[in-house]
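We did not get these values from a lab; they are worked out from the coordinates using the rules stated. Note that the structure is predicted; figures quoted are calculated from it, not measured. As a convention, Cβ positions derive from the backbone with ideal geometry for all residues, glycine included, and neighbour counts pool all protein chains shown.
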Amino acid sequence: MFFKSFFDEELAQMSYMIGCQKTGEAMIIDPARNLSPYYETAEKEGFHLSAAAETHIHADFLSGARELANEKELRLYLSDEGDDDWKYQYLNEINHTLVKDGDEIYVGNVRLDVIHTPGHTPESLSFLLTDEGGGSSVPMGIFTGDFVFVGDVGRPDLLEKAAGAEGTASKGAAEMYQSVQRFKELPDYVQVWPGHGAGSACGKSLGAVPSSTIGYEKENNWALKHTDEKAFTEELLDGQPEPPKYFAMMKKLNKEGPSLQKGREVTEISISDMGRYMSDEYMVVDTRPSSEFSNGHLKGTINIPFNRSFTNWAGWLIEYDQKIVVIASKESIPGIKRSLESIGLDDLVGYVEEAEINGYGGLETYTSITPEELENKFRGHEDYVIIDVRNDSEWDDDHIEEAQHIMLGKLKESMEDVPSDKTPIVHCQSGMRSAIAASLLQAYGYKDVLNLKGGFSAWKEHKEKVNA
């Protein structure tokens with residue numbers, strides 16, 4: 001048997017390829033939209049991609065399943081569990097098999113037993129793998145999707161919070177408890193291959209280790225230790241992070257069928273021509289590090305540095321009906337394009353070479369201040385307002401007493417809550433998110449923005465020293 005995992009750092013998303021070396025067939029589990037790694041691996045290993053399977057309709061990334069089925073004419077194995085609201089709608093164009101609890105899928109001599117594991121979503125499946133071609137009669141591992149992670153289980157509140165399906169969070173939590181009880185009956189030696197690792201918003205305490213075993217999770221995963229359903233559901237629902245804004249769109253696109261049109265040309269734009277792109281039809285994103293952006297940037301642009309958090313904040317802040325122009329190096333454009341396409345932001349139409357920014361006239365800047373400056377010069381001054389852009393859980397844990405809380409992902413829609421007659425001082429936990437917030441505030445007309453260096457962590461350290 002052949003086994004390989006693939007990890008997308010920006011989405012903290014895991015996908016897998018399994019193959020039967022005797023028959024030369026291979027299958028992909030939960031394919032991401034960028035198909036190149038699968039094609040390259042199949043060619044290198046001499047496999048024919050004959051199938052792909054999805055554990056559920058994903059909310060956090062755009063699936064590559066539809067494109068795979070159209071390009072390679074392989075067979076998709078998709079869930080037939082759940083009600084009519086959670087059925088795939090592009091099945092008439094592809095080879096497919098709908099599967100339910102108790103069904104079997106074969107990839108050559110490798111067997112996958114289908115297990116219905118609702119809770120994260122109603123249609124969620126897990127696939128229990130047995131290598132019959134290798135002579136085994138017992139399972140080796142289980143692909144759990146967003147059901148069981150290392151150290152956590154999938155959140156049941158996404159349908160309610162992201163898709164507006166009222167009342168589904170508590171129902172999903174109860175279903176998750178039952179699914180977990182069934183999961184614990186599997187042998188302790190079975191490996192656990194989850195759909196996500198640390199950094200994903202599909203749970204609240206995902207581990208950074210890529211795999212585990214059922215026995216280890218029974219000993220260490222909080223969710224598998226519970227024996228009382230009420231206590232389990234209360235803990236599961238408590239403290240779940242705010243789901244990114246784009247999750248609702250991902251559910252819709254993955255159900256209806258992601259676009260097959262990704263081959264758009266990205267043209268280079270002269271900085272002198274940027275005036276035509278400064279309208280609501282476009283979002284102009286400066287992908288340079290925040291330190292460079294703060295020292296000089298085009299008016300009306302927002303700063304989302306091209307790093308591991310780029311995809312998440314692009315999904316929060318860019319509208320799906322907007323065309324996108326980025327300020328970036330030419331070499332980074334293919335990676336930026338892939339990152340945007342991984343969540344269905346397909347309309348990247350152009351870029352300005354970042355080197356053109358240097359020396360260009362009329363640039364805006366913003367200033368960063370230290371915790372000492374905040375304390376001695378600005379705090380309590382009637383001309384300033386402190387804006388905390390951290391998540392709800394961070395705010396609830398501790399915050400500056402007179403600060404106003406607007407989570408970064410909701411700032412664009414909450415500009416009317418920022419006093420227009422005061423200078424905003426923005427902060428997050430470390431300074432990274434507040435740099436994005438500072439760019440947003442400037443783009444929406446708050447020109448004299450101040451950013452707190454080091455964020456709340458630096459502020460708290462300063463206060464501890466003062467009070468020591």
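Laid out as a table, the results:
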read-out: Dipole of the chain, positive end: most advanced residue of ALA328, VAL389, ALA12 [Cβ charges, Cα centre]; value: ALA328
read-out: Computed over segment 82-161, the ratio Rg/Rh where both radii use C-alpha atoms and Rh is Kirkwood; value: 1.03
read-out: Inter-part distance where segment 260-327 and segment 154-212 are each reduced to a Cα centre, Å; value: 34
read-out: Note, ³J(HN,Hα) from phi for segment 109-117, Karplus 6.51, -1.76, 1.60, rounded to Hz, x at Gly and Pro; value: 9, 9, 10, 10, 8, 7, 10, 7, 10
read-out: Charge dipole (segment 368-468, unit charges on Cβ, about Cα centre) - positive-most of VAL418, GLY455, VAL466; value: GLY455
read-out: If the convex hull is drawn through the Cα atoms of segment 256-297, its volume per residue in Å³; value: 147
read-out: Greater than 30 Å apart at Cα, pairs in LYS255/LYS330; LYS245/LYS453; LYS87/LYS262; LYS72/LYS245; LYS422/LYS453; LYS4/LYS330; value: LYS255/LYS330; LYS72/LYS245; LYS4/LYS330
read-out: Net charge dipole size for segment 2-256 [Lys, Arg +1 and Asp, Glu -1 on Cβ; Debye, nearest 20]; value: 240
read-out: For segment 267-357, convex hull of alpha carbons as volume per residue, Å³; value: 88
read-out: Dipole in debye (nearest 20) - segment 1-126, about Cα centre, beta carbon charges: Lys, Arg +1; Asp, Glu -1; value: 500
read-out: At R0 = 22 Å, FRET efficiency that the Cβ-Cβ distance of GLU234 and SER205 yields, to 0.05; value: 0.90
read-out: Cα-based Rg and Dmax for the chain, where Dmax is the largest Cα-Cα distance (Å); value: 24.0, 75
read-out: Kirkwood hydrodynamic radius of segment 171-327, from inverse mean 1/r over distinct Cα pairs, in Å; value: 19.6
read-out: Within the chain: Cβ-based charge dipole about Cα centre, in debye rounded to nearest 20 (Lys, Arg +1; Asp, Glu -1); value: 740
read-out: Square roots of 5 times each gyration tensor eigenvalue, C-alpha, segment 1-131, largest first, Å; value: 22, 17, 14
read-out: Alpha-carbon Rg/Rh ratio, for segment 2-256, with Rh computed the Kirkwood way; value: 0.94
read-out: Beta bridge orientation in the chain: antiparallel %, DSSP, nearest 5; value: 45
read-out: Long-range HN-HN contacts of THR423 with modeled amide H, under 5 Å; value: TYR384, VAL385
read-out: Whole-number D in µm²/s for segment 367-467 (Stokes-Einstein; Kirkwood sum over Cα pairs; 37 °C, 0.692 mPa s); value: 247
read-out: Antiparallel bridges, percent of DSSP beta bridges restricted to segment 27-183 (to nearest 5); value: 60
read-out: Computed helical MRE - 222 nm, the chain, DSSP H runs ≥ 4 contributing -39500 (n - 2.57), nearest 500; value: -7500 deg cm²/dmol
